[in-house]
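Let me begin by presenting the structure, written as structure tokens, before commenting on it.
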Amino acid sequence: MWQPWSVNNVARPHTQASVSAQARTPARFARETTRENPWPLRLLSENIKTYVDRMSPLWIEGQIVQLNERAATRMSFLTIRDVEAEISMDVTAFGNVIANAGGTLKAGSRVVAHVKPSFWTKTGRLSLQAREIHPVGVGDLLAQIEALRQKLSAEGLFADEHKKPLPFLPRRIGLICGQNAKAKDDVIVNATARWPGAQFAIREVLVQGSGCVADVTRALGELDAVEDVDVIVIARGGGAVEDLLPFSDEVMIRAAYAARTPIVSAIGHEGDAPLLDLVADYRASTPTDAARNIVPDLSAELEGLSRATATLRQRVQHRIDTERERLDLIIQRPVLASPAMSLTSHIQGLAQAVTSLRHHMTMRLTNARSELSEATATLRAMSPQATLERGYSIIKAPAQGIVTDAAAVKKGDVLEAVLARGSMIVTVFGTNPHTESTSHD
């Protein structure tokens, strides 16, 4: 017989669970549920629906992040996000609700809406049915992003001088993408098609939602610290404006600016570029475009190398031919055909110079000899010896030297008479005093 649940039989729930679930009476209120008497999930869902259905229509405020109008069914589907918190809900609008708003609603518009909440029991999803929607101004969310853009731009985070050039051929490519995302395949397939040897360091992270900023920032820091990662691609295959909001987060933008490795933004959203596109060193329109810009095209490089090799060979051959022609012309010159010919004129000039020098020296010597002979003859004519040669003599007295005055000697003095050849000793027998008349004889 079945026994009610008690402390003593808690250890045997697997034998009595199905029976007790059918026999016990569910609690009337949520506060009356217990571990032994819980609500089935369907009952919780039904009670929530009952509560939600009793709610009165109310006015809400938020920001449209996605708007999809279906004219054929006259239905519009919106996603409205809280202006300050990471909360968003789906809103369904029937009939002319969107048209009555004046045609000004778009992604980013801030609105107030009169809605009736409804709860779907099978999916556990809360949605809102809009009865009126009115725009209340430019969406604060996009306005905040614009304000952040202006702030970071003023700080220079988007300036061209801070952009790092992409490497010609990275050793490894850092890739940040979603789990098994198409963007991942687009980058890998297109990059390896261009350069088969491309190597990747991949980080699969959340690329939307509340955990996106932390995941992408952490992966960016990890790849930036890897020595051989020469470029980092942050890839996502587009998406709704709401999905791309994390890529305009200030934390992620500053982390991208601080990275030492060049960053390629491949978010793939042409309409509203997130701020990551502005701070990245290269903005790719799609992940495929990123792949085409991070590695060279091997076939194009080989073709270019072939053209360059052919051009180089042609220019080298042309240079060799030109220099050979110049060398032939030089060899044919007379000076190289007979090198001694270049010295002939110099030898002749030297011979003429020697002859001229000898002639001048001979003339100089002749003139000098003539002058010397004349000087010798003059000297001889003026010398005492020449006077003696003409029969004159020089009289010398002992202790007196040459006698020039008869008064200097007396009778009986012994004198020496120097002749032209030899001398003689004479004795003075007498003197004649000097008179004016005798001086003229």
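The values are calculated or read from the model by the stated rules, or taken from the named source; none is laboratory data. Quantities reported herein were computed from a predicted structural model and do not represent experimental measurements. Positions of Cβ are generated from backbone atoms using ideal geometry, with glycine treated the same way; all protein chains shown enter the neighbour counts. In case anyone asks, the SASA skips ligands and DNA or RNA and just uses the protein heavy atoms, side chains included. Shrake-Rupley method; radii C 1.70, N 1.55, O 1.52, S 1.80 Å.
Before we move on, is T309 open to solvent by less than 70 Å² (accessible area, probe 1.4 Å), closer than 30 Å to N190 by Cβ, among the hydroxyl-bearing types (S, T, Y) and out of contact with any helix residue (DSSP H, G or I) (no Cβ under 7 Å at 6 or more places or on another chain)? When the stated conditions are applied, T309 passes them. For the stretch 53-63, a tally of residues being polar (S, T, N, Q) and not in a loop (DSSP other than H, G, I, E, B) returns 1. With respect to I133, determine if the residue is farther than 19 Å from I294 by Cα, crowded, with 19+ Cβ neighbours inside 10 Å and touching a helix residue (DSSP H, G or I) at 6+ places or on another chain (Cβ under 7 Å). Considered against the rule, which asks whether it is farther than 19 Å from I294 by Cα, crowded, with 19+ Cβ neighbours inside 10 Å and touching a helix residue (DSSP H, G or I) at 6+ places or on another chain (Cβ under 7 Å), I133 comes out as yes. Starting from residues that are among the polar types (S, T, N, Q) and open to solvent by 20 Å² or more (accessible area, probe 1.4 Å), keep the ones in the stretch 63-78 and report whichever is farthest from H134 (Cα to Cα). Here the answer is T73. Here R283 clears all of (1) open to solvent by less than 70 Å² (accessible area, probe 1.4 Å); (2) under 23 Å from T217 (Cβ atoms); (3) of a type outside the set (A, V, I, L, M, F, W, C) except the condition numbered (1). Taking each residue of the stretch 372-390 that is assigned to a helix (DSSP H, G or I) and looking for partners that are not hydrophobic (A, V, I, L, M, F, W, C) with beta-carbon atoms closer than 6 Å, six or more apart or interchain, yields A386/R380.
Of all residues in the stretch 296-319, those that are closer than 21 Å to R171 by Cα and touching a residue at least 24 places away in the same chain (Cβ under 8 Å) have Cβ atoms under 6 Å from Cβ atoms of residues that are aromatic (F, W, Y) and surrounded by 10 or more Cβ atoms within 10 Å (Cβ to Cβ), 6 or more apart or on another chain, in L298/W195. Inside the stretch 95-119, can you point out the residues that are modelled with pLDDT of 90 or more and either over 26 Å from A143 (Cα atoms) or open to solvent by 20 Å² or more (accessible area, probe 1.4 Å) (or both)? Residues satisfying the conditions are H114, K116, P117, S118, F119.
For the structure I just gave you, tell me whether R149 is open to solvent by 70 Å² or more (accessible area, probe 1.4 Å), in contact with a strand residue (DSSP E or B) (Cβ under 6 Å, 6 or more places away or on another chain) and in contact (Cβ under 8 Å) with a residue 40 or more places away in the chain. No. Considering only the stretch 263-276, I want to know if a residue exists there that is within 26 Å of the chain's Cα centre (by Cα), small (G, A, S), closer than 27 Å to L67 by Cα and assigned to a strand (DSSP E or B). Checking the stretch 263-276: at least one residue is within 26 Å of the chain's Cα centre (by Cα), small (G, A, S), closer than 27 Å to L67 by Cα and assigned to a strand (DSSP E or B).
Table: residues versus (1) touching a helix residue (DSSP H, G or I) at 6+ places or on another chain (Cβ under 8 Å); (2) over 28 Å from Q144 (Cβ atoms); (3) not basic (K, R).
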position: T192; (1), (2), (3): no, yes, yes
position: P196; (1), (2), (3): yes, yes, yes
position: E204; (1), (2), (3): yes, yes, yes
position: V207; (1), (2), (3): yes, no, yes
position: A235; (1), (2), (3): yes, no, yes
position: D243; (1), (2), (3): no, no, yes
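The sole residue among D281, D289 that is touching a residue at least 12 places away in the same chain (Cβ under 8 Å) and touching a strand residue (DSSP E or B) at 6+ places or on another chain (Cβ under 6 Å) is D281. If you check T34 against the conditions, is it modelled with pLDDT under 90, in a loop (DSSP other than H, G, I, E, B) and exposed (fewer than 12 other Cβ atoms within 10 Å of the Cβ)? Criteria not met by T34.
Yes/no per residue for (1) at pLDDT below 95; (2) under 28 Å from I87 (Cβ atoms); (3) of a type in the set (D, E, K, R); (4) exposed (fewer than 15 other Cβ atoms within 10 Å of the Cβ):
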| position | (1), (2), (3), (4) |
| --- | --- |
| G174 | no, no, no, no |
| G178 | yes, yes, no, no |
| G197 | yes, no, no, yes |
| F200 | no, no, no, no |
| Q208 | yes, yes, no, no |
| C212 | yes, yes, no, no |
| A219 | no, yes, no, no |
| L223 | no, no, no, no |
| V229 | no, no, no, no |
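Of all positions in the stretch 314-321, none carries a residue that is surrounded by 18 or more Cβ atoms within 10 Å (Cβ to Cβ), of a type in the set (A, V, I, L, M), at pLDDT 95 or above and not in a loop (DSSP other than H, G, I, E, B). Residues in the stretch 231-254 that are out of contact with any Pro (no Cβ under 7 Å at 6 or more places or on another chain), closer than 14 Å to C177 by Cα, open to solvent by less than 10 Å² (accessible area, probe 1.4 Å) and outside any strand (DSSP E or B): G238 alone. Has the stretch 95-111 got at least one residue that is more than 29 Å from D249 (Cα to Cα) and in contact with a Gly (Cβ under 8 Å, 6 or more places away or on another chain)? Scanning the stretch 95-111, I find no residue that is more than 29 Å from D249 (Cα to Cα) and in contact with a Gly (Cβ under 8 Å, 6 or more places away or on another chain), so the answer is no.
Has the stretch 343-362 got at least one residue that is open to solvent by less than 100 Å² (accessible area, probe 1.4 Å) and not in a helix (DSSP H, G or I)? No, because not a single residue in the stretch 343-362 is open to solvent by less than 100 Å² (accessible area, probe 1.4 Å) and not in a helix (DSSP H, G or I).
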